[in-house]
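Engineer: If you scroll down you'll find the structure; I have some questions about it.
What follows is calculated from the coordinates using simple rules that are stated; it is not laboratory data. Predicted model only: the values in this text are computed from it and were never measured. No Cβ is skipped: glycine too gets one built from the backbone with ideal geometry, and neighbour counts run over all protein chains shown.
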Amino acid sequence: MDWAMDWDLAIKRNSEALSGIIAALFAMLGLAGSDMAARIPQPLHRAVLRVLRPAESAVRRLIVIAARGIVVKLATSRPMPKGSIGKSGGSRRPSFQLFDPRKNFKRLRHRKFARTVPRIHFFEHDPRVAALWPAPKPVVEPPPP
């Protein structure tokens, strides 16, 4: 079984399919040509993202396939600058961090309250407080037969 993949045909077919998806997205948004959407409803936004995310992934795969035959000529290396760079005495290449260092926030202390004791405190007697919670009505037992 000797078969070879026709990459140019695969790129052409998938590009046409992705063009149709883009046209469908424009139709969902109600855009024509170079119109701009000022604000769209949240359900429509979620629906567009459900279509857009897989399409974006497919475009990335197509870019990788299209770049399969590209030969990159590496730039000539430059001499290291004089003097030490960093703590290791110049053995590392100068570079920027790709990600910010993780920030460690101290955990806030959680106050624990007793669950059986109410957190309402009365420091002085106020007769208006008793009016908020009326006294329970006494249960009247029926007379014995």
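Engineer: Taking neighbour counts of Cβ atoms within 10 Å as a proxy for exposure, in what order, fewest first, do 5, 28 appear? It would help to have the intermediate numbers written out before the result.
Structural biologist: Working: 5 8, 28 14.
Sorted ascending by nearby Cβ count, the order is 5, 28.
Engineer: Where does each of 124, 56 land when they are ranked from fewest to most other beta-carbon atoms within 10 angstrom? Write out the running numbers ahead of the final one.
Structural biologist: Details: 124 5, 56 11.
Fewest-to-most ranking of 124, 56: 124, 56.
Engineer: Here's another thing I want to ask about it. If Lys and Arg each add +1 and Asp and Glu each add -1, what is the summed charge of the other residues whose beta carbon sits under 15 Å from the beta carbon of residue 46?
Structural biologist: Values: positive: 39, 50, 53; negative: none.
Around residue 46, the surrounding residues sum to +3.
Engineer: Which of 132, 62 comes first, and how do the rest follow, when ranked by fewest Cβ neighbours within 10 Å? Mind dumping the intermediate values first?
Structural biologist: On the way: 132 7, 62 15.
In increasing order of surrounding Cβ atoms, one gets 132, 62.
Engineer: FRET efficiency for residue 5 and residue 53, Cβ-Cβ distance as r, R0 = 30 Å, nearest 0.05? Mind showing how you got there, number by number?
Structural biologist: Numbers: r = 26 Å, r/R0 = 0.86.
With R0 = 30 Å, the Cβ-Cβ based efficiency is 0.70.
Engineer: Taking θ as phi - 60°, what are the ³J(HN,Hα) couplings along region 13-19 by the Karplus curve (6.51, -1.76, 1.60), each to the nearest whole Hz, with x for Gly and Pro?
Structural biologist: 4, 5, 5, 5, 5, 5, 5
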